[in-house]
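**Q** First the structure, then my questions, so here it is.
The values are calculated or read from the model by the stated rules, or taken from the named source; none is laboratory data. Being a predicted model, the structure only gives us computed values, none of them experimental. Every residue, glycine among them, receives a Cβ derived from its backbone with ideal geometry; neighbour counts consider all protein chains shown.
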Amino acid sequence: MPLQRIDVPWPNDIRSYPGTSAAYQEQPTTPFNGTYPYRDDEPAQHSPIPPYNPTLPKLRVPDIPTMRATPAAKPEVDHIELFKRYNDAWGELEPHAIGIPSPSLDLTEASLKIRDNTIKHSSNIAAWSEETVIKANAFRFFARGFGQEMIVSEQSSSKVELRLKLHRHPKPALQALLRHLRLKESVRWHPDKVNARTGEVGRLDERNGRSGVVVAVRSAVQELVGEVEKALEYYADR
């Protein structure tokens, strides 16, 4: 069945709508002829899209900043617990065993040589010798194991002095530290003891005692002993 066109007239009672003006009321009603009363060259008034105007400035899409992942914070190190692990590891070694624990963050010799493990505020640390870095790391490891801190005095990159930062009433901790250094570390890092760590009973290797790590750690132990003795003398006079 073909579709038929039906003209729908405007309502005849438009004059009764509130708000209509008298002039509009005088206009005759026009039946709807099926088309909208707009010209072809005009946009439809009901369209939400405005006509294109080439004179308007182009919209600029703002740059989206690149989100960078925040580096994870390093976990806090319990230096007293770490020292206990170091001491326990030494206690399990046979006199001739190789692979001795090092006084470092992960108890390895490689970690002793990392400059970032020493101090953060030194401007000359990049110029320090490897022996100085090892000595500073070992010095701080032993000091922190007994609740003490290390301070560094740099005259130049070749002259670095390691000292203890004195706390209030540290005498018992200093006495325990001095006793440990004399009875344990001075023996562990003595060349004669290190020379015997070849993995075979009765066999010696003098190259062990002359290695850079052994010399630097032993030097750190000796310097820390001197610092603790001076600190105890200072507190004895108070």
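**Q** Specify which of the listed residues (A196, A220, A231, A173) is in contact with a strand residue (DSSP E or B) (Cβ under 7 Å, 6 or more places away or on another chain), surrounded by 15 or more Cβ atoms within 10 Å (Cβ to Cβ) and among the small types (G, A, S).
**A** Exactly one of A196, A220, A231, A173 is in contact with a strand residue (DSSP E or B) (Cβ under 7 Å, 6 or more places away or on another chain), surrounded by 15 or more Cβ atoms within 10 Å (Cβ to Cβ) and among the small types (G, A, S), namely A231.
**Q** So, one more: Can you tell me which residue within the stretch 117-144, out of those that are modelled with pLDDT of 80 or more and hydroxyl-bearing (S, T, Y), is surrounded by the fewest Cβ atoms within 10 Å (Cβ to Cβ)?
**A** S129
**Q** Something else: Out of all the residues in the stretch 176-193, which are surrounded by fewer than 16 Cβ atoms within 10 Å (Cβ to Cβ) and either of a type in the set (D, E) or more than 14 Å from I100 (Cβ to Cβ) (or both)?
**A** A176, R179, R182, L183, S186, D192
**Q** In the stretch 199-211, how many residues are touching a helix residue (DSSP H, G or I) at 6+ places or on another chain (Cβ under 6 Å) and loosely packed, with under 14 Cβ neighbours inside 10 Å?
**A** 1
**Q** Also, quick follow-up: Among L177, L183, L164, which is the only one that is among the aliphatic types (A, V, I, L, M) and farther than 18 Å from H79 by Cβ?
**A** Testing whether each residue is among the aliphatic types (A, V, I, L, M) and farther than 18 Å from H79 by Cβ leaves just L183.
**Q** If I filter the stretch 138-146 for residues that are free of Cβ contacts under 8 Å to residues at least 24 places away in the same chain and in a loop (DSSP other than H, G, I, E, B), do I get at least one hit?
**A** Within the stretch 138-146, not a single residue is free of Cβ contacts under 8 Å to residues at least 24 places away in the same chain and in a loop (DSSP other than H, G, I, E, B).
**Q** Let me ask another. Identify, please: which residue in the stretch 85-112 is closer than 18 Å to V221 by Cα and free of Cβ contacts under 8 Å to residues at least 40 places away in the same chain and is, among those, surrounded by the most Cβ atoms within 10 Å (Cβ to Cβ)?
**A** Across the stretch 85-112, the extreme among qualifying residues is S104.
**Q** Something else about it: Looking at the stretch 187-218, which of the residues that are of a type in the set (G, A, S) and within 19 Å of S104 (Cβ to Cβ) is nearest to the chain's Cα centre (by Cα)?
**A** A216
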